[in-house]
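The values are calculated or read from the model by the stated rules, or taken from the named source; none is laboratory data. From a predicted model like this one, the values you see are computed outputs, not experimental measurements. FYI the Cβ positions are ideal-geometry reconstructions off the backbone, even for glycines, and counts take in every protein chain you see.
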Amino acid sequence: MRTCLQQASVNTRTRIMTYEDLLKDLKQKQYKPLYVLHGEEPFFLDKITDYFEEHVLSESEKAFNYTVVYGKEADAKSLIDAASRYPMMASHQLIILKEAQEMKTLKDLQLYCEKPVPTTIFVICHKHKKLDMRTKFGKALKANGVVFQSNRVYDNQVGGWIENYLRSKKLQIEHNATDMIAEYLGTNLSKVANELDKLSINLAEGTKITPQIVQDNIGISKDYNVFELQEALGSKNVLKANRIIQYFISNPKKNPLVVVISTVFSFFSKTYIAHSLRSLNDYELAKKLKLPVKNEYAAKYKVQKYRTAIRNYSQAQIEKAIGILKDYDLRSKGVENVNTSEGELLKEMVYKILH
């Protein structure tokens, strides 16, 4: 079984480690002189950096052996001088370079990285984008350090990530509750994890999380959310769709128009693909739509709303709906829209899709 943190991996000269493997080594005090943490998903990078800060040195050791530098303020020569010092009354000193992507002279660390000091733990945290490991600097990092790449988590991966994250906390979750959280919180893993952590505090081990629990603890309505709006549009349930958009208009901060449009656009885009693949069985269709499914039962649940939608919309009608969504996306951003409110735009958009 893949772990909840499967999207991130560590490359060393001998093996590829997951996020959990890396933390396991750190907990066993198996330290290396050089760590490079980079990639598009900051959640994993922050978690590992936090562990270095909180657990590698004791409070008394930190007084003389702990240095944090930020990329905008960092100078390669000063960093090399600091990293070349020996620790005082400790086995190691810890130096963390945060926001390394902002450091103009980052590549000037190459000579140090080719031969890092064994008693220094030097952590380079390069967030929001990958380092180019094909350069001389990148090759020096790969050859002499632990390189951890944190990959972006895509929309179709968030549901599985949520389930695995909760499993690590000895909790279960119903599929529709997973969809509610994924649709509402999106791909910001830090935000998702924060909500799940707060949720887990109030639940006993082994609890199965339901939509009602999500509503009570996270504040997402189990009846009035973007996931339910997709269902209403797909089934052409005008009354339900209108109730949902009225709820959205009354709670604009929880349901910003740009998020609603993006999610509904994704739904109709997948419906368009499903239309031409409707002869496939549920499992095959789910895979083609890149939906996270583990078995045929899960696949049936995941593709049900798309099956319903292709019965109610022709391909031409789906194309028209996608065009409407693109138009209202632009209008929500001020294009050819002077003073129409988000609520009115939402009403118009949903009306045009349904009629």
Lone qualifier among L203, L239 - being within 30 Å of Y351 (Cα to Cα) and without any contact (Cβ under 8 Å) to a residue 40 or more places away in the chain: L239
Subset of the range 267-283 that is in a helix (DSSP H, G or I) and in contact with a Leu (Cβ under 8 Å, 6 or more places away or on another chain) - its residue that is surrounded by the most Cβ atoms within 10 Å (Cβ to Cβ): F268
Residue satisfying all of: in the range 48-77; hydroxyl-bearing (S, T, Y) and surrounded by 13 or more Cβ atoms within 10 Å (Cβ to Cβ); farthest from Q110 (Cα to Cα) among these: Y51
Residue satisfying condition, being touching a Lys or Arg at 6+ places or on another chain (Cβ under 7 Å) and either within 23 Å of I244 (Cα to Cα) or aliphatic (A, V, I, L, M) (or both), within set L289, L285: L289
Sole residue being in contact with a Phe, Trp or Tyr (Cβ under 7 Å, 6 or more places away or on another chain), modelled with pLDDT under 90 and either in a loop (DSSP other than H, G, I, E, B) or among the charged types (D, E, K, R) (or both), chosen from L5, L57: L5
Qualifying position, being over 22 Å from A143 (Cβ atoms) and modelled with pLDDT of 95 or more, among Q101, Q110, Q93: Q93
Residue selected from the range 223-239 under the condition part of a loop (DSSP other than H, G, I, E, B) and among the charged types (D, E, K, R), by the criterion nearest to A321 (Cα to Cα): K236
Filter result (within 14 Å of K208 (Cα to Cα) and either modelled with pLDDT under 90 or surrounded by 15 or more Cβ atoms within 10 Å (Cβ to Cβ) (or both)) within the range 145-167: I162, E163, N164, Y165, L166
Residue under evaluation S314, criteria (1) within 30 Å of the chain's Cα centre (by Cα); (2) closer than 20 Å to Y272 by Cα; (3) free of Cβ contacts under 8 Å to residues at least 60 places away in the same chain, criterion not met: (1)
In the range 230-258, the residues that are crowded, with 17+ Cβ neighbours inside 10 Å and within 23 Å of the chain's Cα centre (by Cα): Q230, N255, L257
Residue in the range 173-180 that is in contact (Cβ under 8 Å) with a residue 40 or more places away in the chain and under 19 Å from L45 (Cα atoms) present: no
Residue in the range 287-301 that is in contact with a helix residue (DSSP H, G or I) (Cβ under 6 Å, 6 or more places away or on another chain), surrounded by fewer than 18 Cβ atoms within 10 Å (Cβ to Cβ), without any contact (Cβ under 8 Å) to a residue 60 or more places away in the chain and assigned to a helix (DSSP H, G or I) present: yes
Filtered residue count, the range 181-222, keeping only those that are surrounded by fewer than 13 Cβ atoms within 10 Å (Cβ to Cβ), part of a loop (DSSP other than H, G, I, E, B) and hydrophobic (A, V, I, L, M, F, W, C): 1
Criterion violated by A309 - all others in (1) touching a residue at least 60 places away in the same chain (Cβ under 8 Å); (2) part of a helix (DSSP H, G or I); (3) under 26 Å from the mean Cα position of the chain (by Cα) satisfied: (3)
Filtered residue count, the range 108-132, keeping only those that are within 15 Å of Y70 (Cα to Cα) and assigned to a helix (DSSP H, G or I): 1
